[in-house]
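As structure tokens, the structure follows; a few thoughts come after it.
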Amino acid sequence: MDNTRNFEKELAQMSPFEIKNRLIEMAGKEARRSTDTLLNAGRGNPNWLLSFPRKAFFMLGQFAMQEADRSAYDDMAGIVASPLMQGVADRFLKFLDNHSEEIGSKVLRHFFTYMTTTHRADPDDLVFEMVDGIIGDHYPTPPRIFKYTEIITRDYLRWAMGGGDDTTDYDLFATEGSTAGMCYAFESLKQNFLLNPGDKIALFTPCFTPYLEIPRLDQFGLEVVDISANKVEQNGYHDWQYPPEEIDKLRDKSIKAVCITNPSNPPSVCLSKEVLDRLVDVVKNDNPQLMIITDDVYGTFIKDFRSLMYVLPYNTLCLYSFSKYFGATGWRVAAMALRPGNVFDDRIAALPDDRKQLLHKRYSSLSLNPDGIKFIDRLVADSRLVGLNHTAGLSGPQQVQMALFSAFAFLHSDMLQPKLINMIQTRLHDLWDSTGFTLLPDPNRAGYYSEIDIMVWAKKFYGDDFARYLEANYEPLDFVLRLADQTAIVLLNGDGFDGPAWSVRASLANLNKEDYLKIGKAIRNLLDQYHANYIAARSK
């Protein structure tokens, strides 16, 4: 027992995503020695994908290659010239006519019509951006994001992030997933003296585990203040919201920045109106220079979600990844959004002269007026160590797919969002119903993940004495290790996300209905197994 507990204590120091590899190994062995099937609910990679915008992408690729083939240097070797803009829109529309019954053609025509009517895009300019981008024969220009990709992604984000009638043209930076965006953000905050060693940064927890780790790296040297949602309500249930006293920690002006995942990961709950109102009060009245970085990838799984980029627009840098909603983790496409006129630019403008001089020198190769370079453009430059700014930016094909994702989801939002929300919610209820645990209704719940606090249910089913027995005789990690070893099921340990010690995280995105029924039963059976051990120990 001691050796097992010591091993579990050591293992618990690792990231849950690293522990996952050990769990998969154990679950694989169990699957091979029994009739069980390995069920990995540890990763958030969805098992669906949106096919229509992808079909549009590949059809556009066919047209783009026809354009390139119009002028060849060597037909036999397939060496062709870069496409030309003149007349490309007319040829594009004729191509779509020839494929009018295909889904990809319909998606492309809808996008083209919307952009040329609503946004009055020049037809040749629009089509050439898509053709040149999907072929990928030039550096991304502008490096931050293509012109029309930015326009359509703005429209999508305005809808997805709850912008409503807000017509502010946010500046966007297309990145290789939101995790790359987070890395860029921390690096630029450091390089621009907005976060310095010893400064305080707050983290809303539980949260995506890399966000727990990045601020603590020696290269940043930040002091981390936890804003915790681990409170258990009086009736014994978690609501995963942040009590006023936790939000009030941000009234401390020495806290310069806060990092938020909204909806949260793993509880998968968005900030309630009460929490948003409290945050607004804190920022407006006590900490108006607070820099907010919010990762809102799961926001589209909640109807009428409202991001902090629209609640506190002056203070907020928003990261949004297309990975989950579109089933596109392998595409590595995301956007960072920042409103013109923001706290980041204003804090740079207020830096002391000696630091301004250092930044003037750092960015002097980019502009005759380096002091006027906006923070979001500094993000782009810093992502390539400034000197390689001209080769920065997300690849052309990725940006084109992002534009088609944005167009399809925005133009068909009323049809698409309810279906994806229903898929997730059905799986969530299948999981909880089969545990026998109670899942309270919650309009703030996205349900992409579910965090289950085993200790809550240990107390509710078997009492406080049993809960004390669990804590005294087992490490919290023991639960997910046993689950993998005995049932070939992989869940992640919730404490690795700074959640409650005995909580577990299940992804509701990557398995099917019958799998979640099995996982729920296995969770309950394992809890009952611990209780049987407790009864046996008491009888002795």
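Of note:
- Prolate/oblate/rounded call for the range 30-177, Cα gyration tensor, a/c under 1.5 rounded: oblate
- Eigen-decomposition of the gyration tensor built on the alpha-carbon atoms of the range 344-395 gives equivalent ellipsoid semi-axes of 20, 12, 8 angstrom, largest listed first.
- Sorted by Cβ neighbour density within 10 Å, fewest at the top, the residues GLU67, GLU187: GLU187, GLU67
- Estimated from the Cβ-Cβ distance and a Förster radius of 35 angstrom, the FRET efficiency linking LYS253 and ALA472 is about 0.25.
- Charge dipole of the range 51-138 (Cα centre as origin; +1 on each Lys and Arg Cβ, -1 on each Asp and Glu Cβ, all else neutral): 420 debye, rounded to the nearest 20.
- Only Cα sites of the range 371-430 enter the Debye sum here, all with the same form factor; the resulting log10 I(q)/I(0) across q = 0.13, 0.14, 0.21 1/Å is -0.63, -0.67, -0.85, listed in q order.
- Once the Cα-Cα distance is subtracted from the 0.36 nm per residue extended length, the GLU8 to LEU49 segment shows a gain of 11.1 nm.
- Length added when fully stretched, LYS356-ASP371, from 0.36 nm per residue minus Cα-Cα: 4.6 nm
- On Cα atoms only, tilt of 2-11 relative to the major axis of the chain in degrees: 20 degrees
- Using a cutoff of 8 angstrom between alpha carbon atoms and counting only pairs six or more residues apart, the relative contact order for the chain works out to 23 percent.
- Net charge of neighbours whose Cβ lies under 13 Å from the Cβ of ILE255, counting Lys and Arg as +1 and Asp and Glu as -1: -2
- Estimated FRET transfer efficiency when R0 is 35 angstrom, pair HIS99-ASP165 (beta carbons, to 0.05): 0.45
- Most positive-pole-ward Cα, ALA68, GLN86, VAL131, against dipole of the range 51-138 from beta carbon charges: VAL131
- Charge dipole (Cα centre; +1 on Lys/Arg Cβ, -1 on Asp/Glu Cβ; no other charges) of the chain amounts to roughly 620 debye.
- FRET efficiency for ASN512 and PHE461, using Cβ-Cβ distance with R0 set to 25 Å, rounded to 0.05: 0.35
- Under-5 Å amide H pairs with ASP295, H placed in peptide plane, nonlocal only: ILE260, THR261, ASN262, LEU319
- Spin-label model distance (nm) - GLN219 vs GLU18, 7 Å beyond Cα toward Cβ: 1.7 nm
- Whole-Å distance, taken between Cα centres, linking the range 200-215 and the range 62-131: 44 Å
- Exposure proxy shown here: for ARG306, ARG33, the number of other Cβ atoms within 10 Å sets the order, fewest to most, as ARG33, ARG306.
- Mean separation of Cα contacts under 8 Å (6+ apart) over length of the range 51-138, as relative contact order %: 38 percent
- DSSP bridge pairs, the chain: antiparallel proportion in percent, nearest 5: 50 percent
- Each residue of the range 212-227 was assigned a 3J(HN,Hα) from its phi angle through the Karplus expression (A = 6.51, B = -1.76, C = 1.60, θ = phi - 60°), giving 6, 8, 4, x, 8, 5, 4, 5, 9, x, 8, 8, 9, 10, 7, 10 Hz with x at Gly and Pro.
- Charge dipole of the chain about the Cα centre (unit charges at C-beta), most positive-ward option of THR205, GLY396, MET182: THR205
- Exposure proxy order (Cβ contacts within 10 Å, fewest to most) of CYS183, CYS207: CYS183, CYS207
- Two-decimal log10 I(q)/I(0) for the chain, as the Debye equation yields it once each C-alpha is a single scatterer, q = 0.09, 0.11, 0.13 Å⁻¹: -0.73, -1.03, -1.31
- Packing-based order for 430-438, 483-491, using average beta carbon neighbours within 10 Å, highest first: 483-491, 430-438
- Under Karplus coefficients 6.51, -1.76 and 1.60, residue-wise ³J(HN,Hα) of the range 392-401 in Hz, glycine/proline x: 7, x, 5, 4, x, x, 5, 5, 5, 5
- Debye log10 I(q)/I(0) at q = 0.21 Å⁻¹ for the range 51-138, Cα point scatterers: -1.01
None of the figures in this text is laboratory data; all of them are computed from the coordinates on show. Bear in mind the structure is a predicted one, so any value in this text is a computation, not a measurement. With ideal geometry, Cβ positions are generated from the backbone for all residues, glycine too; neighbour counts draw on all protein chains shown.
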